[in-house]
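Engineer: Take this structure, written in structure tokens, and hold onto it; I'll ask about it next.
Any read-out appearing in this document is the output of simple, stated calculations on the displayed coordinates, not a laboratory observation. Nothing here was measured: the structure is a model prediction, and the numbers come from that model. Note: ideal-geometry Cβ built from the backbone for every residue, glycine included; neighbour counts use all protein chains shown.
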Amino acid sequence: MRRLTTLATALVIASGGLMGTAGAAPVSAEAVCSAVWGSGPKAAPEQRAVPLRNIRTGRHACYDRMVFDITGATSVTGFHVQYVNEFRQDFTGDPIPVAGGAVLEIVVRAPSYDGNMNPTYPGVGKKPLPGVNVAGYQTFRDHKFGTSWEGQTQVGLGVRARLPFQVTRTNNQVIVDVAHSW
């Protein structure tokens, strides 16, 4: 154990220490957080009839996250996520103002209503998402529910700037992560 500690100390000293030295790049959180996700559109075509159950957000060291929970999905749900110059409600085309330096339009291919048109997620048209609060987030600034029709749900997400993002899926979620920086 003593040898391992001595070896570790020697390696830290030889590499310029944890804080860096002149001529050596300091170790920083940004180096650990570098995102190579890009800011271009991302999509997956699958359509599911199972409805959206919830939308929630979370803060992480390198990115802010928005999660779309799908009710009892047994296979992956499709999506389309892209930056837009102006967020417009599907169906009507009406502009919906979303605060921030850039706006991500998120379309999850799951309705916010069940087969009998009963709401499964209580957020219809041009309002902030119920239960979602992005105050204090490093990247997220605003959010608006666009619409839910023809089996898909549309959300506008205002972010600080046009930053890289990624979209991942599980059997019952679509997850949008937006990096804090390039």
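Engineer: May I ask you to order 101-112, 134-145 by the average number of other C-beta atoms within 10 Å around their residues, highest value first? Please report the intermediate quantities before stating the final value.
Structural biologist: Details: 101-112: 22.5, 134-145: 18.6.
Highest-to-lowest ranking by the protection proxy: 101-112, 134-145.
Engineer: Which value in nm describes the separation of the simple spin-label points at Gln47 and Thr170, placed 7 Å from the Cα toward the beta carbon?
Structural biologist: For Gln47 paired with Thr170, the spin-label model returns 2.7 nm.
Engineer: Near the amide H of Gly146, under 5 Å away, which other amide H atoms are found, from residues 5 or more places off or on another chain, if H is placed in the peptide plane?
Structural biologist: Long-range HN contacts for Gly146: Lys126, Gln154, Val155, Gly156.
Engineer: Would you mind checking which residues have amide H under 5 Å from Thr71's amide H? H placed 1.01 Å from N; only 5 or more apart, or other chain.
Structural biologist: Leu52, Arg53
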